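In what follows, a structure is listed as structure tokens, so that the remarks can point back to it.
What follows is calculated from the coordinates using simple rules that are stated; it is not laboratory data. Remember, predicted model here, so these are calculated numbers, not experimental data.
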Amino acid sequence: MALLSKKDTNLILDPLADNNPITIQVLGICSALAITAELQASVVMAISVLFVLGVGNVVISLLRNIIPTKIRIIVQLIVVATLVIIVDQVLKAFAYELSKTLSVFVGLIITNCIIMGRFEAFALGNGPWKAFLDGIGNALGYGIILIIVGFFRELLGSGTLFGFKVFGDPVSKTGLYATGYENNGFMIIPPAALIVVGIIIWVQRSRNRALIEEN
């Protein structure tokens, strides 16, 4: 007997491509712009959101029948804020320098529209297991885009990956010609993230024409 039914599998797989929260739903763009200049920060943010959304969805699902409708948003904010505080404290304990780099952006997970959206759209109407799978699927879809963007921005912008040199140091120019790799400073500023995300969206829609909206 399969561990996951087809519907359960789709809860994980759909957000990875055809229903990706960033490229299809256009949610969570702010963090893709802000923290993806370095691949390490992108990976840590992806893992953080994976934890917050996976656990948060389960908690909201378990509480769904006892949360008064009028205060459900407040309860959701308390749940996500508690989980974000846990993430922040773990980062400060085990990766202090990285926690300073991410600083305010970890706190902004609280207002990430992907998380609040999944609480409202799915966790409040489904059981804990399905809510967990939905949270994991959407967090993975979000994380994959962050990692792809972070990979290209750090590689092309700084010539490094995870801080390790991939391209050699630029050598001196001779006359009108230059040899070696010149880091592209444009890639480390936020607008470059929009360009990379735009390319991902173009590739995605080129592979699946059904994603193109008809006018």
Normalised contact order of the stretch 61-202, rounded percent, pairs of Cα under 8 Å and 6 or more residues apart | 18 percent
Report, to the nearest 10°, how far helix 39-63 tilts away from the longest principal axis of the Cα atoms in the chain, using its own Cα long axis and a range of 0 to 90°.
-> 10 degrees
Largest-first semi-axes in Å of the equivalent ellipsoid built from the Cα gyration tensor of the stretch 1-62 are 25, 15, 12
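For the stretch 10-208, how big is the tail of P(r) above 20 Å, as a whole percent of Cα pairs?
Details: 11616 of 19701 pairs.
Roughly 59 percent, rounded to a whole number.
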Could you tell me which of the pairs 100/165; 70/130; 6/70 are separated by over 29 angstrom between their Cα atoms in the structure shown?
-> 6/70
In deg cm²/dmol, rounded to the nearest 500, the helical mean residue ellipticity at 222 nm of the chain, built from -39500 (n - 2.57) for every DSSP H run of length 4 or more, is -20000 deg cm²/dmol
Angle between the Cα long axis of helix 190-207 and the longest principal axis of the chain, 0 to 90 degrees, nearest 10?
-> 70 degrees
